[in-house]
Amino acid sequence: MITLSRRLVTGALAGLALSGARPALAGAAALAEASASRRIRLGAFTITTLLDADETIDGPWPIVGEDRPREEVQALMRENRLAPDRFTPGFTPTLIETGTQRILFDTGNGEVGFIPRPAGGRLGQALRRAGIAPETIDLVVITHCHTDHIGGLLDGGVPQFPNAAYVVGEAEYRFWTAEERLSAPADSNTYRSAAVVRSHLVPLRERIRFVGPGDTVAPGIDVVAAFGHTPGHLAFHCESEGQRMLVWGDCAHHEVASLIHPEWHALFDLDKDQGIATRRAIYAMAATERLLVAGYHTAFPSLGHVEARGTGYRWIPVSESGTP
Ligand SMILES: [Zn+2]
């Protein structure tokens, strides 16, 4: 929805420019650049969400609701005034500037991710446009090792955040580096992720700190278990001056379908039942504790709150709920 309106506005400004209103052209360019990032405050922290990929793809079925009839998911989309078979997921790394450190959560698709270039792999560009040089990132934190989260670590073998240390879930790293992962079918998501772990993450291992639930990443930023999507999938609880945010990685693949039906299977969850239990627990925590959420795949700018609704939940984008 947000993406659509952004495009409409950009298109309208570009149209004005063509009709001879020259300042509108600069306006359109500025808007297109600005729309690749969104910046808000969280206490003393500055939060910037960054758009790595902007592509409309098939779904949300079966990415969400794999175990349900396609028509049921289509009907839910129609009820919510959304296209039944196409959606534009966010691919949204989050940057936290704590005042002493620049901490980046996930690195986007890079050259090897789920959304190929030129539509995907734009994180570096989005960072620079937001005024952040990739060399100034101190810490890169990985929620899990799917290709759309670790693909941006290296480009052509070159680390994209050359001065950063890295934080990776210990269980996650152990799972993906196990030899048997490479015996999965070559066209499977599991094989592709295991291969990209070897090519894009393992070369950085000297600089990786391995963590698990309850560990502290940096002052105010703690690790939360969110297993199921992958065996070591992690979320991160972030707090500054009493204001709180959850970076939840892939706890939702669609802001309507995942939230209202946490019990629907997610295609890319490796453990479907654990994925359901994690969604229920994480959504309940976000709703009860009124946490701001940075949701990687919810529509850009991928920031919102969660509210209980019936047997499920509802996503309230920050554009509606305001900044905390
Ligand atoms: Zn993902």
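Computed quantities for the displayed model
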{"quantity": "Selection count, the range 62-112, where residues are farther than 20 Å from GLY249 by Cα and either basic (Lys, Arg) or part of a helix (DSSP H, G or I) (or both)", "calculated": "13"}
{"quantity": "Qualifying positions in the range 45-61 - in a strand (DSSP E or B), closer than 19 Å to ASN109 by Cα and of a type in the set (A, V, I, L, M, F, W, C)", "calculated": "LEU50, ILE57"}
{"quantity": "Residue selected from the range 153-177 under the condition aromatic (Phe, Trp, Tyr) and touching a Pro at 6+ places or on another chain (Cβ under 6 Å), by the criterion nearest to the ligand (Cβ to nearest atom)", "calculated": "PHE175"}
{"quantity": "Output for the range 118-139, where each listed residue is within 16 Å of the ligand (Cβ to nearest atom) and crowded, with 17+ Cβ neighbours inside 10 Å", "calculated": "GLY120, GLY121, ARG122, LEU123"}
{"quantity": "Members of the range 183-205 that are more than 26 Å from ALA164 (Cβ to Cβ) and hydrophobic (A, V, I, L, M, F, W, C)", "calculated": "ALA184, ALA186"}
{"quantity": "Residue in the range 204-211 that is in contact (Cβ under 8 Å) with a residue 40 or more places away in the chain, within 16 Å of the ligand (Cβ to nearest atom) and touching a Phe, Trp or Tyr at 6+ places or on another chain (Cβ under 6 Å) present", "calculated": "no"}
{"quantity": "Whichever residue in the range 39-94 is of a type in the set (S, T, N, Q) and within 12 Å of ALA299 (Cα to Cα) and, among such residues, is nearest to the ligand (Cβ to nearest atom)", "calculated": "THR92"}
{"quantity": "Filter pass, GLY124 being under 20 Å from VAL197 (Cβ atoms) and in the same structural domain as HIS229 (by TED's automatic domain parsing)", "calculated": "no"}
{"quantity": "Residue among ILE103, ILE150, ILE115 that is of a type outside the set (Gly, Ala, Ser), more than 16 Å from the ligand (Cβ to nearest atom), modelled with pLDDT of 95 or more and in the same structural domain as ALA53 (by TED's automatic domain parsing)", "calculated": "ILE103"}
{"quantity": "The range 287-305, residues that are buried (at least 24 other Cβ atoms within 10 Å of the Cβ) and more than 16 Å from the ligand (Cβ to nearest atom)", "calculated": "PRO301, LEU303, GLY304"}
{"quantity": "Among the residues listed as HIS200, HIS265, HIS261, the single one being farther than 18 Å from ILE103 by Cα and buried (at least 23 other Cβ atoms within 10 Å of the Cβ)", "calculated": "HIS200"}
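Okay, residues lined up against (1) in contact with a His (Cβ under 6 Å, 6 or more places away or on another chain); (2) in contact (Cβ under 8 Å) with a residue 40 or more places away in the chain:
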position: ASP222; (1), (2): yes, no
position: GLY228; (1), (2): no, yes
position: ALA235; (1), (2): no, yes
position: VAL256; (1), (2): no, yes
position: ALA281; (1), (2): no, no
position: THR288; (1), (2): no, no
position: LEU303; (1), (2): no, yes
position: VAL306; (1), (2): no, yes
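The values are calculated or read from the model by the stated rules, or taken from the named source; none is laboratory data. Note that the coordinates shown come from a computational prediction; the quantities given were computed from them, not determined experimentally. Using ideal geometry, Cβ is built from the backbone for each residue, glycine included, and neighbour counts are taken over all protein chains shown.
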